[in-house]
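The following block contains the structure, expressed as structure tokens.
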Amino acid sequence: MLLFAVRRLASAVLVLFAISVLVFLIFFATPGVDPAARIAGRNADPATLAQVRHSFGLDRPIPIRYALMMRHLFISRDLESFVNRGAKVIPQIVQATPVTLSLVLGAAVIWVLFAVLMGTVAAWRRGTVADPLIMLAGVVGISLPVYWLGEVVNLITQSRLHGSVFSWVPPLGYVSLTDDPGQWALHLLFPWLTLAVLYAGIYARLLRSELVANLNEDYVRTARAKGISERRILIRHALRCSLIPIVSLFGLDFGALVGGAALLTEVVFGLPGVGKLTYDALQTVDLPMIMATVIYAAFFVVLANAVVDVLYARLDPRARHA
Amino acid sequence: MSAGPWRIAAGHLARNRAAMAGVAVFVVIALACLAAPLYAEHVAHTDPFRSNVSGTTVVDGRTVQVLAPSSTGLGLGVTPIGPTWDPGHYFLGADNQGRDVLARLLYGGRNSLFIGLISALLCCLIATAVGVLAGYAGGPVDALLSRTLDVVWSIPVYLLAICLSVILLTSGLRLGPITISAGSLWVPILIIAVVYVPYVARPVRGQVVALRNRDYIQAAIGTGASDVRVMRRDVLPNILPTAIVFVPIMMALDMLTESALSFLSVGVQPPDASWGTIINDGLGLLYTRPAVTIAPGLCIAATAVALNVLGDGVRDALDPGAR
Amino acid sequence: MARKALPGIALITTSLILAGCSGSSSTPATSASGSTAGFQSQHKGGTLKLLAKSAAGSLDPQVNYTLQYWQLYQAMYDGLMAFKKVDGQASFTPVPDLAEAAPQVSDGGKTYVFKLRQGIKFSTGAALTTDDVVASFERIFKVSSPTAGTFYNGIVGADACLTKPATCSLAKGVVGDATAGTVTIHLTAPDSEFLYKLAVPHASILPKGSPAKDAGTTPLPTTGPYMVASYDPNRELKMVRNPNFSEWSHDAEPQAYPDEIDESFGLTVEAEVTAVQNGQADWVFDPPPADRLNELGTTYASQVHVNPLTAFWYLALNTNLAPFNNEAARQAISWAVDRAAVVRLYGGTNLAQPACTILPPGLPGHVDSCAYTAGGGATWSAPDLAKAKQLVQQSGTAGQEVGVVVQDDTVNKAMGEYLQSVLNEIGYQATLKPLSADIQFTYIQNTKNKVQLSLTSWYQDYPAASDFINVLLSCASFHPGSDSSINISGFCDKGIDGQIQQALTLARTDPQAADKLWGQIDQAIMAKAPVVPLINPKLVDFTSKRVGNYQFSKQFYMLVSQLWVQ
């Protein structure tokens, strides 16, 4: 078990390393993204440009630049942005993390609640019109472009009906939980709902099919034969078993979302989270910031993968040798 | 699988009313988009790729400017004409270039559907190749391919896609003899195909690993059959259903991804249109002309619902146990 | 200048969707309420809340080259000279700031002697001395200030400082005399614009001992009415009163009204506009989105201020690449582009006006003339597509591919799509390449990227014709293969370069005659059409209901320190 965990960790580190090299190379291999002239400012003369290039180490060989960037990122942890000179990258990510966490946690609570409700009712009401209707709602949920949904929500709550039904909706942006919990929740309400629509759809569909599969298992038949009520079987037995694959998927999705996969939602609702930070950095081709946020994102994905794998290995020894 | 199981599956699918409804919706949308040139030329009499910034049109017998400068107050801003609900011209209004939104919507749909379809096929193709190779060969080949998949898998899809797009849109791509220019539709197609490869390749690989340990395959290898022959005769036919199940779902996913990239202006490049770029164009007009944003979003959603429902049907047909 | 030089800023140019009705701020009503009345202490106090989509980078006044912070520096940092902080045309006049009076110029314009004002203190409490002045000029080079090699390279000793910044010494160029309280600056050649260059933030005087590298997010001590209390590029820039400030010159650095000025970052522009409408904030730095303009111009008309800028948006045609190495092909573009359409894409006739000349209206040297307009005349009236098509045929370039490189924000992209449409119409095969605003500006400058046609803009650094013509179109501004080659067209004409030198020389002795010559050079360049001026933009300021005493400096825009919030 320990060996497995160590091997898993080693491969995770390898993956992170590969990602950092990849990101570094694709950005430095691209014409037009040399930051020296942008840092130097409009109409800088050649001597100034050369000085700037030198002081940022941009005139050194690529492997050394990579090593320097990694040293600043991981060892001295003082990597600075190319765009906002002097702004350190790591504190910005640290600052953005609670925003993303707030968004993802709240949305997760909502989507899990809805998914469990929708999936269970659909499985329970199999054969009636409720099942396909609920599942259709699930399909619609996964088929709506999340950024578009966000924009339409904004249009309605911020403009069209802001004068009447939605006058209580605050302007876009983020209020910290510690500053004002009420405003925090109010600002995040629509982002939560928007993000949750997609995942509620995915999870409701998955849960329903797991439940249906489980209801055909022997142990359920045995329970039925014992005369246990259908509702009790569904909730006590089938639901419990069906949640295992859901939990592992949840682990992966949560990891990816905290890592920045909620980018579109953050951009549309103007939430200064990690996804928005990444997006802004990509817009300005701010390599240090891109590097840091991509590694941060990959870290959460890899972590979630590893945790899920190790948990699985614990539950099922065969998985260790797969 | 011989022809028998395929025919049975097709029969299943044909009897699945929901899936057939999905097919119908999809076909209607696809046909409408294919007819885009007919609509533009013969009904709306407009060129949806030509700017019409200073043009005029006739609404209710009055000549109006397509892009009308504000004439009240300080006179700030210019507002395109809104929906006329007249199929002859500006049914859904104009965008900020004075172009007919409905005509662009139809043209945009062609690109959206094309990108979705091709990248889904490409993705499933690459993924099957990678999955089969890794699962069958095992050892260092498997290790290398699996780690590569891990790397791709570990960057959130949108992040990876946007990173690649920013680069490719600046520089284009040169792969040996193939050159893809920066504004080409193939840039989003390739990117979207690549970022989703792990999602398909992983299950395929898992299945191949399981197959390879089956007795009959071991036996085939034991009798000295070549690897290529075993792969073609025994492995591929068993993998195919898995890969095919993914195609409609991937197409829906790819269309959504394409639209998101275009929305962030790193997907389809102007003057080409896609539903995502029209949404992006519409954002600058969201408060005054919301139709420009809303219409393409509904198109995307309708197509994705149809494809997902069809995908469910295909899955049920090929794998009756999953129902 | 760099109204939007650096990344963060590009947003501005980009989004300059706004600016509006003709010259409202220069109406007598506004000016009268402000400067002529003197300080009105009943309006002193309160917190002015400014909003910007994003921060503008380093806070170091000798490094930052963005209008976003240059505007704020006006109430914080001082140089030997300053642009007069008043509404209207007078704001183009340099006045003595830390210097007691205008300098004594001798040695044929090569030596400037400044006498420092007595009793000025930094926000740290330390007194300002001649040593600080000397150190600040050396620091320009030590921190590789963007303009070190373009504005201050004429100071004796600057050459060595540019190549070896770390050991920069201007011992022979900037000489302080502590007992007399004077600073003497020696130039290698006379420079008619030197006083302007001393009045921009890169020549701010900072305490000696300030770090010899970009101070980044760490605030440096100030001399003006405010100092920076805190700066976080993702949250807020907070300015509070400098306790050691007392007004020494109302023209150069007037006493400020608000007790505190906060600029917050991170909201979308839509949300910013909404916040000002609701009175939650006082001013939006970014241009309002296109779909909000009509609303601002009607419901909120009393809170909107529109001012013309001495700036222009233009197409740079690469004169060293086909097809635009052909003069007729370049002229064809000048004839073909419908300036009225571009104005419309920018937000309408109250936000921009068609441009025909390199020098914008209001800049010394500008003369109304229009070489490329249907029907002739001194101002633009309509495009002439027939003539354009004919020139394309005549030049033998018809059917060639033309790549158009623009920024990828809404307004620029819309103009790009329009240009593509026009180019196709007159016989080319145009492709459009929208790039992130931050990459585009350096990308189009580098000859290695083989850009044929690009859309860009130029906002003045200081009010001189040379800041447009000499900077943008002289041979010296063309650096093949470099990302910093502001002569984007790669235009180098020996005859015109000679005239430029002549105008620069003439400006030392006879500014009026020089301005006239600049106007002629402008027309001479337009005849060769290396650039196609499109529009002169206007700036829209949207303030909250409670804000009073709005004044617009043509040099650094709205005077934030003079606003009343109570």
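The values are calculated or read from the model by the stated rules, or taken from the named source; none is laboratory data. Here the structure is a predicted model, which means the values were calculated and not measured. We place every Cβ from the backbone using ideal geometry, glycine too, and count neighbours over all the protein chains shown. For the accessible areas, the whole protein counts, side chains as well, though only heavy atoms, and no ligand, DNA or RNA atoms are used. Shrake-Rupley method; radii C 1.70, N 1.55, O 1.52, S 1.80 Å.
Ignoring ligands, DNA and RNA, how much accessible area is buried between chains A and C, both sides summed, with a 1.4 Å probe, to the nearest 100 Å²?
For A against C, buried area totals roughly 3500 Å².
Cα convex hull of region B:81-120: mean projected area in nm², to one decimal?
3.1
If you don't mind, another one. Just the projected area, averaged over all directions, of the convex hull on the alpha carbon atoms of region B:164-323: how many nm²?
In nm², the orientation-averaged hull projection of region B:164-323 is 12.8.
Using the structure shown, select from C:K142/C:K450; A:K88/A:K276; C:K142/C:K494; C:K85/C:K110 the pairs with a Cα to Cα distance greater than 24 angstrom.
C:K142/C:K450; C:K142/C:K494; C:K85/C:K110
Go through region C:122-130 residue by residue and turn each phi into a ³J(HN,Hα) via Karplus (6.51, -1.76, 1.60, θ = phi - 60°); whole Hz please, and just put x for glycine and proline.
Listing the rounded values in order: 6, 5, 7, x, 5, 6, 7, 10, 5 Hz.
Can you give the angle from 0 to 90° between the axis of helix B:186-195 and the longest principal axis of chain B, with both taken from C-alpha atoms, to the nearest 10?
Once rounded, the angle reads 40 degrees.
Summarise the accessible area of region A:2-76 (1.4 Å probe, protein heavy atoms) by the percent that is carbon and sulfur.
The nonpolar share, carbon plus sulfur, comes to 74 percent.
Per residue of B:48-56, how many C-beta atoms from partner chains lie within 10 Å of its own C-beta, taken as a mean?
Across B:48-56, the average partner-chain Cβ count within 10 Å equals 5.
Let me ask something else. For region A:56-90, state which residues have at least 20 Å² less accessible area in the presence of all protein chains than in their chain by itself, taking the probe as 1.4 Å and leaving out ligands, DNA and RNA.
Hits at the 20 Å² cut-off: A:V83, A:N84, A:R85, A:G86, A:A87.
Computed over the Cα atoms of region C:311-539, what is the ratio Rg over Rh, Rh following Kirkwood?
0.94
Starting from the Cα gyration tensor of the protein assembly as shown, multiply each eigenvalue by 5, take the square root, and state the resulting semi-axes largest first in whole Å.
So the equivalent ellipsoid measures 57, 34, 30 Å along its semi-axes.
Just the Kirkwood number for region A:1-141, please: inverse of mean 1/r across all distinct Cα pairs, in Å, one decimal.
Every distinct Cα pair counted, the radius reaches 20.3 Å.
What are the ³J(HN,Hα) couplings of region C:319-329, residue after residue, when phi is run through the Karplus curve with 6.51, -1.76, 1.60 and θ = phi - 60°? Round to Hz, x for glycine and proline.
6, 10, 10, 5, x, 8, 7, 9, 4, 5, 5
What fraction, in whole percent, of alpha-carbon pairs in chain C exceed 39 Å separation?
Summing the P(r) of chain C above 39 Å gives 26 percent of all pairs.
Hey, rough spin-label estimate for C:S381 and B:A225, points 7 angstrom out along Cα→Cβ, what's it come to in nanometres?
Reported label-point gap for C:S381 and B:A225 is 8.5 nm.
While we're on this one: Can you check what the Kirkwood hydrodynamic radius comes to for region A:59-154, Cα pairs only, in Å to one decimal?
One decimal place: 18.0 Å for the Kirkwood radius.
Right, here's the next one. Among B:P290, B:P271, B:P140, determine the one that fluctuates most according to a GNM of chain B built with springs between C-alpha atoms less than 10 Å apart.
Evaluated over chain B, the most mobile residue of the options is B:P140.
Here's a follow-up. Checking buried surface per residue: for region B:145-163, which residues lose a minimum of 30 Å² accessible area in the protein assembly relative to the chain alone (1.4 Å probe)?
Residues meeting the cut-off: B:R147, B:V151, B:W153, B:S154, B:I155, B:P156, B:Y158, B:L159, B:I162, B:C163.
Here's something else I'd like to know. Ratio of Rg to Rh for region C:419-556, alpha carbon only, Kirkwood?
Expressed as Rg/Rh, it is 1.04.
Now, a different point. Have a look at region C:133-291 and give its Rg and Dmax from the Cα atoms, expressed in angstrom.
19.3, 61
Carbon and sulfur together cover what percent of the accessible area of chain B at a 1.4 Å probe radius?
65
Once the Cα gyration tensor of region B:80-182 is found, what semi-axes does its equivalent ellipsoid get, as square roots of 5 times the eigenvalues, in whole Å, sorted largest first?
Each semi-axis is the square root of five times an eigenvalue, giving 42, 16, 13 Å.
While we're here: What accessible area, in Å² to the nearest ten, does a 1.4 Å probe give for A:W124?
Its accessible surface works out to 100 Å², give or take rounding.
What is the angle, in °, between the Cα long axis of helix A:274-284 and the longest principal axis of the Cα atoms in chain A? Nearest 10 is fine, range 0 to 90.
40
List the accessible area buried at the contact between B and A, summed over both sides and calculated with a 1.4 Å probe, in Å² to the nearest 100.
3700
Based on alpha-carbon atoms only, what is the radius of gyration of chain B relative to the globular estimate 2.2 N^0.38 Å?
Cα Rg divided by the expected 2.2 N^0.38 Å: 1.21.
Let me ask something else. Residues of the protein assembly as shown: accessible area per residue at 1.4 Å, in Å²?
That works out to 37 Å² per residue.
For the peptides C:387-393, A:40-46, what is the packing order when you average, over each peptide's residues, the other Cβ atoms within 10 Å and list the highest mean first?
A:40-46, C:387-393
Between A:A137 and B:L144, how many nm apart are label points set 7 Å from Cα along the C-beta direction?
Rounded to a tenth, the inter-label distance reads 5.1 nm.
Across peptide C:400-409, how many C-beta atoms of other chains are within 10 Å of each residue C-beta, on average?
Mean partner-chain Cβ count within 10 Å for C:400-409: 2.
Moving on. Give the C-B buried accessible area in Å², both sides summed, 1.4 Å probe, nearest 100.
The contact between B and C buries close to 2800 Å².
Hey, another quick one. Sequence neighbours fewer than 8 away in the same chain don't count; with that in mind, list the aspartates and glutamates whose C-alpha is under 19 Å from C:K545.
Within the straight-line cut-off, C:K545 pairs with C:D259, C:E260, C:D262, C:E263, C:E270, C:E272, C:D282, C:D286, C:E295.
Here is a follow-up. Wrap a convex hull around the Cα atoms of region A:98-319, take a quarter of its surface area, and give that in square nanometres. Walk me through the intermediate numbers first.
Numbers: hull surface 62.9 nm².
One quarter of the hull surface, i.e. the mean projection, equals 15.7 nm².
For the pair A:R7 and A:S176, what calculated FRET efficiency results from E = 1/(1 + (r/R0)^6), where r is the Cβ-Cβ distance and R0 = 45 Å, to the nearest 0.05? Display every interim value, and only then the final one.
On the way: r = 40 Å, r/R0 = 0.90.
Calculated transfer efficiency: 0.65.
Would you tell me the mean number of C-beta atoms belonging to other protein chains that fall within 10 Å of each C-beta in B:95-103, as a whole number?
Values: counts 2, 10, 8, 4, 2, 0, 0, 0, 0.
Mean shielding count: 3.
Out of A:S20, A:S11, A:S164, any idea which swings most in a Gaussian network model of chain A, alpha carbons joined below 10 Å?
In the Gaussian network model the winner is A:S164.
Dividing the alpha-carbon Rg of region A:17-88 by 2.2 N^0.38 Å yields what?
Rounded to two decimals, the normalised Rg is 1.14.
Let me know the whole percent of all Cα-Cα pairs from region C:359-411 that are separated by more than 15 Å.
69
Out of every Cα-Cα pair in region B:33-91, what percent are more than 16 Å apart?
I get 53 percent for the Cα pairs in region B:33-91 exceeding 16 Å.
Along Cα→Cβ, 7 Å out, is where each label goes; now give me the distance between the ones at A:R60 and C:R546 in nm to one decimal.
Each label point is offset 7 Å from its Cα along the Cβ direction, giving 5.1 nm.
Just to be sure I understand the interface: list residues from region A:266-283 that lose 50 Å² or more of accessible area between the chain on its own and the complete protein assembly, 1.4 Å probe.
A:L282, A:Q283
May I pose another question? Give me the percent of the accessible area of region A:98-319 that comes from carbon and sulfur atoms, probe 1.4 Å, all protein chains in place. Numbers along the way, then the final one.
Numbers: 6200 of 9160 Å².
Roughly 68 percent, rounded to a whole number.
Moving on. Expressed as a rounded percentage, what relative contact order does chain C have, with Cα pairs under 8 Å and six or more residues apart?
23
Using only helices, what value at 222 nm comes out for the protein assembly as shown when you add -39,500 (n - 2.57) per DSSP H run of length 4 or more and divide by the total residues, to the nearest 500 deg cm²/dmol?
Helices in the protein assembly as shown give a 222 nm mean residue ellipticity of -15500 deg cm²/dmol.
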